[in-house]
Amino acid sequence: MAEHAATTSRPVPGWHGAVPDDPVYYEDPYPFHKALRESHPVSLTPDGVWRLTRYDDCQRMLRFSGAGMRLRDGRMPGQTREEAEAEVGRFMLLTDPPDHTRLRKLVAKAFTPRSISAWRPRIEAVTDELLDGVAERGEMDLVKDLALPVPATLICEMLGVPVEDRDTFTEWTADATHGLALRRGNAPPDLVERVMKAGLGLAGYFNELIAARRGKLGDDLLSRLIEAEEEGDRLGPEELLIQSIGLLIAGFETTIGLIANGLTTLIRNPGEIARLRAEPGLIESATEECLRYSGPITWTVRVLHEPIEFDGYRMEADEEVMVGLAAANRDPDHFDDPERFDVARYAAKPAPPAHLSFGGGAHLCLGAHLARLETQVAIGKLVARFDELELVEEKTTWGRSLFRVPGRVPVRFRAAGGSAS
Ligand code: HEM
């Protein structure tokens, strides 16, 4: 029927002018997001996955109660029934209620703003020590010397994982992030192997740690999860293992990208770094702007449990939708001059809308307060102490992660009161 034609038609599938696994996309995905948002704001990938890029559409999708992470029969998209049955434990991000509600509740208290603010002195001490270690050198790698060790130390201490084991799992946590995208198929065999190796390595490591921690519980998250598992009805043994691994990966990987991308962007915008140095009170706004402008996670995914319409296109239950967090964050309908990096943007009254870099709805990032505080302290202190920051390499070298996380960012600087070497 003619009047229903718009709601039953589907857009032409395609990448629309760019190939996302192209290194050019990886280096600078924002022109592609802009072009897509302007020309095909609601689109279909060649794999038949829906893609949204406008702020309002992304926000609506994240909050849509008729969507979750799994198909209605409990499988992940692309998973066979046998694979789903063989899957014993699931990280909370990949679950729907009631499992999601139960798993998230077990650890949510540790991540409230109040609980996280108690970690501030520790975050400050770790940051000071790291900056002391490089101050005399006049050069550092922003990743190795700051952006990685701050979140890694903190999530290890919160979980009760020995920080000195960090080198054992640094590559595993980065490689394991690709597991989130592998189920889409077409993955290169060497990547599949890296993900498998990382998963086995992390499982072996945590199995030993959990066995050693039983009977000697402490004041850490791993001990709380072991208690819940020992009580029997709140957490299965495999769920305990997967939540521990998932929390380590989530806490370890993403914040590296936020701190390193944020500092890189600041250095590329000398006026903005000078403004932040002159007005340190802008650090909270600057951190939100770093999340908006160069957040490490550019897309998240939902699976529909009920049909929904965008722009007259009807999406059906059990179809997948990619939500363009980074594309939404630069939507000119919501952000003035969205391509401009402005450390005071979130200090304006009225403030612009929240960025979508932490996702939204039931799966809104649990570690958002922790990531913000770590970034405020790390960037705030570095900018206050080191002057004349300069990138040694103009082009970013990306790391092993699925997310936008640099592998290294060498910089030169002058420590306040010191001299650059
Ligand atoms: C800059 C740093 C971070 C960014 C950009 C980030 C981003 C995200 C995003 C986009 C999601 C999915 C949300 C959705 O689909 O709606 C998520 C989920 C999650 N994040 Fe983060 N994250 C960061 C840091 C952290 C940290 C430090 C932790 C600490 C453990 C953490 C723990 C989690 C957990 C547990 C989930 C799953 C929540 C759920 O399914 O209910 N994240 N994060």
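All of the numbers you see were taken from the coordinates with simple rules; none came from a lab. Worth saying up front: this structure is predicted, and the values here are computed from it rather than measured. Every residue, glycine as well, gets a Cβ built from its backbone with ideal geometry; the counts of neighbours run over all protein chains shown.
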Report the FRET efficiency, 1/(1 + (r/R0)^6), for Asp333 and Glu279, where r is their Cβ-Cβ distance and R0 is 35 Å, rounded to 0.05. 0.75
Report the FRET efficiency, 1/(1 + (r/R0)^6), for Arg10 and Arg102, where r is their Cβ-Cβ distance and R0 is 45 Å, rounded to 0.05. 0.75
May I ask you to list the lysines whose Cα is less than 29 Å away from that of Lys109, ignoring any residue fewer than eight positions away on the same chain? Lys216, Lys381
Straight-line reach from Lys34: which lysines have a Cα under 23 Å away, not including same-chain ones fewer than 8 places off? Lys395
Which residue, Leu276, Leu325, Thr300, has the largest displacement toward the positive end of the dipole of the stretch 204-325 when charges sit on each Cβ (Lys, Arg +1; Asp, Glu -1)? Leu276
Karplus-derived HN-Hα couplings along the stretch 321-329 (A = 6.51, B = -1.76, C = 1.60, θ = phi - 60°), whole Hz, x at Gly and Pro: 10, 8, 9, x, 4, 5, 5, 4, 5
Name the lysines eligible as straight-distance cross-link partners of Lys197: C-alpha to C-alpha under 28 Å, and not fewer than 8 places from it in the same chain. Lys144
Output ordering of 220-227, 93-100 (per-residue mean of other Cβ within 10 Å, highest first) is 220-227, 93-100
Radius, Kirkwood style, for the chain when every pair of distinct Cα atoms is counted (Å): 22.6
Among Asp28, Asp233, Asp336: highest mean-square fluctuation, GNM of the chain, C-alpha pairs under 10 Å: Asp233
Checked the stretch 1-138 against the a/c 1.5 cut and the a/b vs b/c comparison, axes a ≥ b ≥ c from its Cα gyration tensor; verdict oblate
Scan around Phe386 for amide H atoms under 5 Å from its own, H built in the peptide plane at 1.01 Å from N, and keep only partners 5 or more places away or cross-chain. Ala416
By average Cβ neighbour count within 10 Å, what is the ranking of 148-154, 318-324 from highest down? 148-154, 318-324
Of Ala203, Ala176, Ala118, the one that fluctuates the most in a GNM where the chain has Cα springs shorter than 10 Å: Ala118
Helix runs (DSSP H) in the chain reaching 30 Å along axis by Cα, Kyte-Doolittle at least -1.0: 189-213, 237-268
With labels modelled as points extended 7 Å from the Cα through the Cβ direction, what inter-label distance (nm, one decimal) is found for Asp56 paired with Ala351? 2.3
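Counting helices only, and only those DSSP H runs with n ≥ 4, report the 222 nm mean residue ellipticity of the chain as the sum of -39,500 (n - 2.57) divided by its residues, in deg cm²/dmol to the nearest 500.
So the helix-based figure for the chain works out to -14500 deg cm²/dmol.
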Give me the number: length gained by fully extending Glu394 to Asp311, i.e. 0.36 nm times residue separation minus the C-alpha to C-alpha distance, one decimal in nm. 25.8 nm
Quick check on the stretch 207-360: take the gyration tensor over C-alpha atoms, sort the square-rooted eigenvalues as a ≥ b ≥ c, and tell me if it's rounded (a/c under 1.5), prolate or oblate. oblate
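Pull out a ≥ b ≥ c, the square roots of the eigenvalues of the alpha-carbon gyration tensor of the stretch 131-222, then state rounded if a/c is under 1.5, prolate if not and a/b is larger than b/c, and oblate in the remaining case. The partial results should precede the final answer.
On the way: a/c = 2.74, a/b = 1.13, b/c = 2.42.
Judged from the Cα gyration tensor, the stretch 131-222 comes out oblate (a/c at least 1.5, b/c at or above a/b).
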With a point put 7 Å past each Cα toward its Cβ, work out how far Glu124 is from Asp233 in nm, to one decimal. 4.4
For labels at Asp318 and Ala135 in the simple 7 Å Cα→Cβ model, what's the distance in nm? 6.2
Of the candidates Pro350, Pro121, Pro31, which one comes out as most mobile in a Gaussian network treatment of the chain with C-alpha springs shorter than 10 Å? Pro350
